[in-house]
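Working notes for the structure below.
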Amino acid sequence: MLARDMKNRDIQFYFNRQDRPVNSGRITGIRQDGYGAGIPAASDEALDAFLAKFKAGPIQGPGGPVAPPTDEGRIGALFSKKKDNEWRLTSGETDEIECKREVDVKKLAPVVRAVAGMANNKGGVILLGVEDKSGRVVGLANDDFAKLDLVKLTLAVKAHLQPTPSFRKGVIEVGGLQVGYVCVEPLIDKPVIVHRPGDRLDDGAILFRYPAESAPIKFGDLRTLLDARDAKRLRALVDVTRKIAEIGVENSAVLNVADGSLEVAGRPMQIDQALVDQINFIKEGQFDEVAGAPTLKLLGEITAAGGEKVPGGRRLITDEDVLRNFLDQEPVLVPFEYIRFAVAGTNRDWVPIFYFGNQAKLSRAEMAGLLEGVATTKLKAKAKMIDRALGKQSALAKHTGTPAKLLAAILAGDREVPADAKAAGNIALALQGIPAEGAPSKEEMLALLKVCVTTLVEVGEVAAMSSVYRAAGRLDEVYFAPA
């Protein structure tokens, strides 16, 4: 296994048992010829047979067949009961295991820091409810971590780290006590970099997991990491070149994942909308596998026939995106980026935020906390948006004259579509006064505002669009803001 460059944690998978945990340090000792040096390595044939047998059926344990290890099984195997009847971490903290006695789900920076360090090294597991010095299991003080949605943890990580590492969370019982865990996968294309400062998270820092600590990476390790990345890219380039040579340049297509363009033999190509509609866009590391359901994973963007970019990849969010996604009630892959855009990406005073906060399952306080962490020079806009999240600011505006008459008609059930741009502008002003109590149906109001947008855009009335965005902000508050 070592000769095939398998990682310690992958080797542990095949040998760990509840009654016989295998220390990762022992595997490292074998790797460095410091333990069992006189024992010959298994042949390739013997290893292939072992792996095939392991995958083909149940593992044989002392009491008969047992199921293959799960996350819970592998993590449970890290602990053992000592003579003092205390359950402790057998190996202690390592470069793949970090312990934290307590966790505050409202202050996740320490967990984010550990995730970054492990993702830049070999991956690993963060254990919560375990003393870091003694490895003694003390258990979680409450069930806050168990109730913490993985989406919210992902948003906390995403708010500080780029690219976003892959991880999963859970809770197991050890000696009658609850222990939380976060399993972190090593990033394929290292390094993970802190792009927004926080508690012990310095802007631009590259954290690395060392034995018993996550710390800023040292020069030698950074050089090794970058050399490995360059070597991997070179191998990939050679492999692509070989494949192109085999199938011929005229039969090859190149997809640019940065801008979504597709070229076939030097000619641009677009993907038909009928095919686009059948593609299931998924976020890397955040999807559920369904047996028999084919899924095409695209990292980047694609362009449908007609030139419209399809949500699903990383790209620049615009005012039009936010308004269209809101009015069409389109789900988005990374809702926090739309909330962040309201502070750092737009110059408009009013844009929808609660619709996207609902997709991320955020309370008002949680949304305000995430906005607080947004790095921007627009401090007044940031303060205003935080107040909006907390309900201290509102897009509600009551106008007189024609807009007031239109609002009364709308509330009475008379919802005529605008005949021209002037009427569309007045309806947008009227919708800014929609009351929270006794509001008309959400679907009707969104459809009405959408017609106003179409009417204004067709005649180029750009100035009136500010009224539309405030109206969208008001509808967002009425129909999507948490209580």
> Looking at LYS392, LYS450, LYS378, which is the one that is more than 30 Å from PRO197 (Cα to Cα) and not hydroxyl-bearing (Ser, Thr, Tyr)?
Replying inline: LYS450
>> So, in segment 75-95, how many residues would count as being buried (at least 18 other Cβ atoms within 10 Å of the Cβ) and more than 15 Å from VAL130 (Cα to Cα)?
In response: 1
> On the given criteria, is VAL343 surrounded by 20 or more Cβ atoms within 10 Å (Cβ to Cβ), assigned to a loop (DSSP other than H, G, I, E, B) and at pLDDT 85 or above?
Replying inline: no
> Scanning for something crowded, with 16+ Cβ neighbours inside 10 Å and at pLDDT below 90, does segment 384-405 turn up at least one residue?
Replying inline: no
> List pairs: first in segment 38-64 and modelled with pLDDT under 80, second in a helix (DSSP H, G or I) and open to solvent by less than 100 Å² (accessible area, probe 1.4 Å), Cβ under 7 Å, 6+ apart or cross-chain?
Replying inline: PHE54/TYR14
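Out of GLY220, GLY129, GLY176, which single residue is in contact with a Leu (Cβ under 7 Å, 6 or more places away or on another chain) and not aliphatic (A, V, I, L, M)? Walk me through it before giving the result.
Numbers: GLY220 fails: in contact with a Leu (Cβ under 7 Å, 6 or more places away or on another chain); GLY176 fails: in contact with a Leu (Cβ under 7 Å, 6 or more places away or on another chain).
Exactly one residue qualifies, and that residue is GLY129.
Tally up the residues in segment 183-211 that are surrounded by 15 or more Cβ atoms within 10 Å (Cβ to Cβ) and over 26 Å from the mean Cα position of the chain (by Cα), please. Even if it seems obvious, please write down each step before you answer.
Step one: list which residues in segment 183-211 are surrounded by 15 or more Cβ atoms within 10 Å (Cβ to Cβ), which gives 183-187, 190-198, 201, 205-210.
With the extra rule that they be over 26 Å from the mean Cα position of the chain (by Cα), the set shrinks to none.
Residues meeting the conditions: 0.
Given the criteria open to solvent by 40 Å² or more (accessible area, probe 1.4 Å) and either under 27 Å from PHE219 (Cβ atoms) or touching a Lys or Arg at 6+ places or on another chain (Cβ under 6 Å) (or both), does GLU98 qualify?
On the way: open to solvent by 40 Å² or more (accessible area, probe 1.4 Å): no; either under 27 Å from PHE219 (Cβ atoms) or touching a Lys or Arg at 6+ places or on another chain (Cβ under 6 Å) (or both): yes.
No, not satisfied.
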>> Under 8 Å between Cβ atoms, which residue pairs at least 6 apart in sequence (or on different chains) link something in segment 461-476 that is under 15 Å from GLY433 (Cβ atoms) with a partner that is surrounded by fewer than 23 Cβ atoms within 10 Å (Cβ to Cβ) and among the hydroxyl-bearing types (Ser, Thr, Tyr)?
In response: ARG474/SER394
>> Cβ-Cβ under 6 Å, sequence separation 6+ or interchain: first residue in segment 382-407 and in a helix (DSSP H, G or I), partner open to solvent by 50 Å² or more (accessible area, probe 1.4 Å) and among the basic types (Lys, Arg). Which pairs?
In response: ALA389/ARG364; LEU390/ARG364
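The values are calculated or read from the model by the stated rules, or taken from the named source; none is laboratory data. The structure displayed is predicted, hence computed values, not measured ones. Backbone-built Cβ (ideal geometry, glycine too); neighbour counts: all protein chains shown. SASA here: full protein model, heavy atoms, side chains in, ligands and nucleic acids out. Shrake-Rupley method; radii C 1.70, N 1.55, O 1.52, S 1.80 Å.
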